[in-house]
Every structure is written in structure tokens, then in C-alpha cells.
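**Q** Got a structure here, written out as C-alpha cells. Questions coming.
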């Protein structure tokens, strides 16, 4: 049962992030968005996995369901937020580019930043036991 919940949480978080991409599907920049989401897939899965595994660890030690969820998610909230901000900070300088470089890299940076921030929010809210 735990593995089923684990997979559902990861798939639902990934689906929400991908479907919530702010760039419309008919945009010329959609291939840049797809590249950005491809870069962020590891982080998307990692946020959900770390949350679920930490909650499972608390539940396996005999804690009540609600206490295990709150403690497990609470312990990793700050480290996950710092990780998310570090990834976003790396892409901020791309917004100062101009010309062709801006056209190429800003959509990629937007997609990665949106996906990573969405992944953090979803791992704090949607992905639970």
C-alpha cells in the first residue's frame, strides 16, 4: 500500500507541475520549456520522494499518522526550501541577457524556476501519506 501511495504522490505532483506550465502550448518557445522541465525532473521527483520517505520513517517508528506526517514534512521543509532557492538563484542572471541569448535562455530559466517552486509547494501540500 505504501508503494502505491508513494507512486501516486510523485505522479500527481509531476503532473500538476507539467500541466501548470505558464507557457501556452501554441507558443514558439515550448521546446525551451520542455528542455527546462527536463532539467527539473530530478528535482521534481526528489522533493516528493524525500517527503514521503521521511514521513514513512516516522510512521515506521510507531508514531501516529498525523504526528508522523507533520514531523516528517516539518523536518525537511527548510532544507528543501534552501535547495529550491539555490536552484532558482542560479537561473536569475539569465534575465539580464539580451538579444538572441535572452530569447534562447529566459524561457528555459522560467520553466525550471516555475517547476522547482511548484515542486516545493506541492511536496509541502499535495504529497502526503
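**Q** Test residue 56 against the criterion of being surrounded by 15 or more Cβ atoms within 10 Å (Cβ to Cβ), modelled with pLDDT of 90 or more and over 18 Å from residue 122 (Cα atoms), and give yes or no.
**A** Answer is no for this residue.
**Q** Check off (1) modelled with pLDDT under 90; (2) assigned to a helix (DSSP H, G or I) for residue 127 and give me the number that stays unchecked.
**A** Checking residue 127 against (1) modelled with pLDDT under 90; (2) assigned to a helix (DSSP H, G or I), the one that fails is (2).
**Q** Okay, moving on. Restricting to the range 93-102, count the residues that are part of a helix (DSSP H, G or I) and free of Cβ contacts under 8 Å to residues at least 12 places away in the same chain.
**A** Here the count works out to 6.
**Q** Further question on the same structure: In the range 92-115, how many are modelled with pLDDT of 95 or more and buried (at least 21 other Cβ atoms within 10 Å of the Cβ)?
**A** Total meeting the criteria: 0.
The values are calculated or read from the model by the stated rules, or taken from the named source; none is laboratory data. Since the structure is predicted, the reported quantities are computational estimates derived from the model, not experimental observations. Neighbour counts run over all protein chains shown; Cβ positions are idealised from the backbone, glycine included.
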